């Protein structure tokens, strides 16, 4: 716990001493595993983590979640490239447990699809036939099987494979359409976060007057809040797996699934498949879009800062006056207020709120201070 607290506050040197010097007295492998998992998002910790992961894999002491977390971290921070792909293949092919091997090799298979590396895709599917069964978790594999055919072992899965392949196509089409919407400079865009900072502001009618209104996750349009936060929702930005927000997605014009490189990195598609089947218009973020945010923040970006950055990139401008419900102060401990306007909620500690506040100020700094302003 002490090491975790130190690492949260970026004190890597003392955290390492607690983990690696003192922890190794009891269980060296456990200490090394803890070090990797606790410092995944510390840029200066990356090289030692790489060495530790290599050592743990070579000694067959690396648990599957550790290797998966490390590979996904490299994908996010280093970007999809062939060096990362080759390292993923090396980790997966050295595992002795065949079940774990099949699970781990889904990651390089998905990355090979993203990189359009046909030779690696073919080699993996030929060398590890069980990987064909991964189509419910590796979406591009379903599309690949649907277009190129599949063997008799999957014949009874034809309808399911085609449904996943269709989902892939819908996400591609939805992403292109949503991108075109955000690039339309004739439309005004309001972005409504979930901070309680707008309570008592009476800005609800102003928010609803925008052409496009984006909201996040578990927002509320209860009558108690519409005077301050409005009720219109054009784009619902959300996590793919939270079933309890499906009704909000169904009531919105668009649903934007907030997951980096969604089509290639998401492994649980049941809920998104259900949304699509119910008629919800689904879309993803452009592949690779999250990478600069992870690098800049050195951690996972919140949905709010992600979408603000997306609008700035696509629309060409982002006015502070068109952003509502954003107050990073209540997230960084300078206020006792709840993190949400509609419920008592503790702030999430997985995001770097101080860095996000600085990024938000930078994104909105250059724009004209006019309400409902948008580029012409």
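The values are calculated or read from the model by the stated rules, or taken from the named source; none is laboratory data. Everything numeric in this text was worked out from a predicted model, so none of it was measured. Cβ atoms come from the backbone with ideal geometry, glycine included; neighbour counts cover every protein chain shown.
Out of the range 177-196, which residues are part of a helix (DSSP H, G or I) and over 22 Å from residue 317 (Cβ atoms)?
Scanning the range 177-196 gives a single hit, 196.
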For this session: Residue by residue through the range 245-256, note down the ones that are in contact (Cβ under 8 Å) with a residue 24 or more places away in the chain and surrounded by fewer than 20 Cβ atoms within 10 Å (Cβ to Cβ).
Result: 245, 246, 250, 253
Problem set entry | Selection within the range 225-244 - touching a residue at least 24 places away in the same chain (Cβ under 8 Å) and either farther than 24 Å from residue 167 by Cβ or buried (at least 18 other Cβ atoms within 10 Å of the Cβ) (or both) | 225, 227, 228, 229, 230, 231, 232, 235, 237, 238, 240
Exercise. Within the range 200-213, can one find any residue that is crowded, with 16+ Cβ neighbours inside 10 Å and in a strand (DSSP E or B)?
Worked result: yes
Problem set entry | the range 317-327, residues that are in contact with a helix residue (DSSP H, G or I) (Cβ under 8 Å, 6 or more places away or on another chain) and either in a loop (DSSP other than H, G, I, E, B) or free of Cβ contacts under 8 Å to residues at least 40 places away in the same chain (or both) | 318, 319, 325, 326, 327
Seminar exercise, completed: Going through the range 75-123 in order, the residues found to be farther than 18 Å from residue 64 by Cα, without any contact (Cβ under 8 Å) to a residue 24 or more places away in the chain and assigned to a helix (DSSP H, G or I) are 78, 83, 118, 119, 121, 122, 123
For this session: Name the helices (runs of 4 or more DSSP H) wholly inside the range 257-300 in which the number of residues that are touching a strand residue (DSSP E or B) at 6+ places or on another chain (Cβ under 9 Å), closer than 15 Å to residue 179 by Cβ and touching a residue at least 40 places away in the same chain (Cβ under 8 Å) is 1 or more.
Result: 262-265
Exercise. Quick check: anything in the range 40-54 modelled with pLDDT under 90, under 30 Å from residue 158 (Cβ atoms) and either out of contact with any helix residue (DSSP H, G or I) (no Cβ under 9 Å at 6 or more places or on another chain) or part of a helix (DSSP H, G or I) (or both)?
Worked result: no
Exercise. In the set 159, 146, 169, 142, which member is under 22 Å from the mean Cα position of the chain (by Cα), outside the structural domain of residue 278 (by TED's automatic domain parsing), under 30 Å from residue 120 (Cβ atoms) and part of a helix (DSSP H, G or I)?
Worked result: 142
Seminar exercise, completed: Among 220, 252, the single one that is within 20 Å of residue 339 (Cβ to Cβ) and either touching a helix residue (DSSP H, G or I) at 6+ places or on another chain (Cβ under 6 Å) or part of a loop (DSSP other than H, G, I, E, B) (or both) is 220
